[in-house]
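Worksheet for the structure shown next.
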Amino acid sequence: MAASQAAANVAAVAVNVVPVKLRAKAGLSARRRRRVYRVGTMKRLLIVSIAATLCAGVVEPVAAQGWNPPSDAQRCPSKWGAGDTRGSANHVKPATVLAAMRLVKTGQIIELGRVLEGTMPVFGTRRFDLHTKRTVINPGRNRRGTNEELVISEIGQVGTQFDAFPHQMIGGSFYNCVPIEGNESRTGFGTLGVEGVGALVARGVLIDVAALKGVPVLPDNYEITPQDLEQALARQKLTLEPGDAILIHTGWGTLWNVDNARYVKTCPGIGIAAAEWLSRQDPLLIGADNWPVEVGPNPDPDLSLPVHQVLLVVHGIHTLENLKLDVLAAERVQEFAFVVQPLKIKGGTGSTVAPIAIR
């Protein structure tokens, strides 16, 4: 029985418990009836309190309370094998690419990447500085002139960004228990670098949680629950399949380059319970129109962005942040072919990307 129904049943009993007792004791004296009434009232208050507790459990997600990272023995080896370095990218095969392309009906391309510019919001001390380098007019009668630029940036972690496995650890190890010791250097990571990801083509699914809630933007710090995801999918008449690229619309992207301070301070997003639920659906990647995909900060003040660990380290599922999902949401494009390829940065922790949806 659902907790809400159980609570309702308990409350219904509470309403009737005292009158029944009094009717059964109709022959008692007035003094005895008052005593019975007082005892009955206390019992009724106790039952109502239990009902309220049950109802509270429905409103606030508590499944992830007290979460701790699994040990290496618990999470390794990966389901893809002890020596695997690709994780969820193993889903990309000729058959899955062809299946994704069959979703294309109109040929419309919808860009999901943000413009890289110095005014965009960045997290922490990250930066994006572009300096134009003007060069001379080259020799020859055609007077060929050239220009180029110097970019100073954490190019793997700005704009619309794809997180590779070296980006996150639990203690001293990455996905599939690859240790950082002996794997790190000043020129990148020797194993799991973003250059090994390759092109990703899949069925894309937009889960519009903002539309489910009837708001343009979810509230600051709103934790998306498994129930939210299930209800949104049911509303959209969609079912997730293994290998999907799952994109979550919160509406937070409307703050991009509008209120950057608020954009990076907090955000709505998936919580640990939702991340675990999504992981069980076996996706290719999980993305969102916010900066960490997950709710930020986490409701548990002793946890620092734990969904990054759940997805990247425990389950080997890539994440995609700062997506531009407004067109998909406005035009209700909820199933499409999804295409992205990270830059081949040797030993990189991630890559700025410009993914597309094709409908």
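For the condition assigned to a loop (DSSP other than H, G, I, E, B) and in contact (Cβ under 8 Å) with a residue 24 or more places away in the chain, what is the one hit in V104, V97?
Checking each option against the conditions leaves just V104.
Is it the case that some residue within segment 46-60 is under 25 Å from the mean Cα position of the chain (by Cα), modelled with pLDDT under 95 and assigned to a loop (DSSP other than H, G, I, E, B)?
Yes: one or more hits.
Given the residues A89, A73, A95, A100, which is the only one that is under 24 Å from the mean Cα position of the chain (by Cα) and more than 30 Å from V264 (Cβ to Cβ)?
That would be A100, the only listed residue that is under 24 Å from the mean Cα position of the chain (by Cα) and more than 30 Å from V264 (Cβ to Cβ).
With the structure loaded, tell me whether L218 is on the phi > 0 side of the Ramachandran plot and at pLDDT 95 or above or whether it fails that test.
Numbers: on the phi > 0 side of the Ramachandran plot: no; at pLDDT 95 or above: yes.
So L218 fails the test.
Scan (1) in contact with a helix residue (DSSP H, G or I) (Cβ under 7 Å, 6 or more places away or on another chain); (2) in a loop (DSSP other than H, G, I, E, B) for the single condition I110 breaks and write down its number.
Every listed condition holds for I110 apart from (2).
It is to be established whether one or more residues within segment 128-136 are surrounded by 14 or more Cβ atoms within 10 Å (Cβ to Cβ) and either in the same structural domain as C76 (by TED's automatic domain parsing) or not acidic (D, E) (or both).
Taking segment 128-136 first, the residues surrounded by 14 or more Cβ atoms within 10 Å (Cβ to Cβ) are 128.
When the remaining residues are screened for being either in the same structural domain as C76 (by TED's automatic domain parsing) or not acidic (D, E) (or both), the result is 128.
Yes, segment 128-136 contains at least one residue that is surrounded by 14 or more Cβ atoms within 10 Å (Cβ to Cβ) and either in the same structural domain as C76 (by TED's automatic domain parsing) or not acidic (D, E) (or both).
Tally the residues that are in contact (Cβ under 8 Å) with a residue 24 or more places away in the chain and more than 25 Å from the chain's Cα centre (by Cα), restricting the search to segment 120-142.
1
Please work out if V307 is closer than 25 Å to L200 by Cβ, among the β-branched types (V, I, T) and under 13 Å from the mean Cα position of the chain (by Cα). It would help to see each step written out before you state the result.
Details: closer than 25 Å to L200 by Cβ: yes; among the β-branched types (V, I, T): yes; under 13 Å from the mean Cα position of the chain (by Cα): yes.
Against the criterion (closer than 25 Å to L200 by Cβ, among the β-branched types (V, I, T) and under 13 Å from the mean Cα position of the chain (by Cα)), V307 qualifies.
Just a yes or no: is a residue in segment 230-246 farther than 17 Å from G204 by Cα, within 16 Å of the chain's Cα centre (by Cα) and in a loop (DSSP other than H, G, I, E, B)?
No, that holds for no residue.
Looking for something under 30 Å from L278 (Cβ atoms), over 24 Å from the mean Cα position of the chain (by Cα), part of a strand (DSSP E or B) and not aliphatic (A, V, I, L, M) - is there at least one such residue anywhere in segment 199-206?
Scanning segment 199-206 turns up no residue that is under 30 Å from L278 (Cβ atoms), over 24 Å from the mean Cα position of the chain (by Cα), part of a strand (DSSP E or B) and not aliphatic (A, V, I, L, M).
Which of the residues that make up segment 128-182 are within 20 Å of P342 (Cβ to Cβ) and assigned to a loop (DSSP other than H, G, I, E, B)?
If the condition is that a residue be within 20 Å of P342 (Cβ to Cβ) and assigned to a loop (DSSP other than H, G, I, E, B), then E154, I155, G156, Q157, V158, G159, T160, A164, Q168, M169, F174, V178 are the ones that fit.
Yes/no per residue for (1) surrounded by fewer than 19 Cβ atoms within 10 Å (Cβ to Cβ); (2) assigned by TED's automatic domain parsing to the domain that holds A89; (3) without any contact (Cβ under 8 Å) to a residue 40 or more places away in the chain:
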{"position": "N298", "(1), (2), (3)": "no, yes, yes"}
{"position": "D302", "(1), (2), (3)": "yes, yes, yes"}
{"position": "G316", "(1), (2), (3)": "no, yes, no"}
{"position": "D326", "(1), (2), (3)": "yes, yes, no"}
{"position": "A329", "(1), (2), (3)": "no, yes, no"}
{"position": "P342", "(1), (2), (3)": "no, yes, no"}
{"position": "G347", "(1), (2), (3)": "no, yes, no"}
{"position": "S351", "(1), (2), (3)": "no, yes, no"}
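So which of G145, G159, G182 ends up being modelled with pLDDT under 95 and in the same structural domain as E111 (by TED's automatic domain parsing)?
From the options G145, G159, G182, the qualifying one is G182.
The values are calculated or read from the model by the stated rules, or taken from the named source; none is laboratory data. In this text the structure is predicted, and so the values were computed from the model without any measurement. Using ideal geometry, Cβ is built from the backbone for each residue, glycine included, and neighbour counts are taken over all protein chains shown.
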